[in-house]
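**Student:** Could you have a look at this structure, given as structure tokens, before my questions?
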Amino acid sequence: MLQTLVVLHHYNCLQFAYNMHGENIGRLNVYLQYDERNWETRNTNRLVWRVAGNQYDDWLQASVPINVQFGYKVSFFKFDYTFNPD
């Protein structure tokens with residue numbers, strides 16, 4: 001997991017580059033965590049972007065519009081696919 005510090009601007013566009021190449025690469029999820037009052041007790045995690053599977057051997061660009069009226073954090077989670085023959 002990779003997470004940003006609190007961002008206080010209200011209207012932004014998250015832009016990043018990613019590379020997902022190979023078999024069983026898994027998926028990459030981007031979550032937005034925000035709360036209008038208290039980060040510790042009342043937060044909301046919202047999936048704002050996802051990609052899964054082999055995207056070939058190129059670096060790709062992603063842009064995610066963010067329209068939140070309060071401070072927020074962005075988290076990147078990489079999930080691997082594992083094969084379990086059971």
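**Student:** Search segment 52-79 for residues being in a loop (DSSP other than H, G, I, E, B) and at pLDDT 80 or above, and hand back the single one that is surrounded by the most Cβ atoms within 10 Å (Cβ to Cβ).
**Tutor:** Only one residue fits best here, namely Gln55.
**Student:** Also: Can you name the residue in segment 1-48 that is hydroxyl-bearing (Ser, Thr, Tyr) and farther than 13 Å from Tyr72 by Cα and, of all such residues, is modelled with the highest pLDDT? Walk me through it before giving the result.
**Tutor:** Filtering segment 1-48 down to residues hydroxyl-bearing (Ser, Thr, Tyr) leaves 4, 11, 18, 31, 34, 41, 44.
Narrowing further to those that are farther than 13 Å from Tyr72 by Cα: 18, 41.
Numbers: Tyr18: 92, Thr41: 50.
If we take residues in segment 1-48 being hydroxyl-bearing (Ser, Thr, Tyr) and farther than 13 Å from Tyr72 by Cα, then Tyr18 is modelled with the highest pLDDT.
The values are calculated or read from the model by the stated rules, or taken from the named source; none is laboratory data. All figures in this text were calculated on a predicted structure; none of them were measured in a lab. Because the Cβ atoms are built from the backbone with ideal geometry, glycine has one as well, and the counts that use them run over all protein chains shown.
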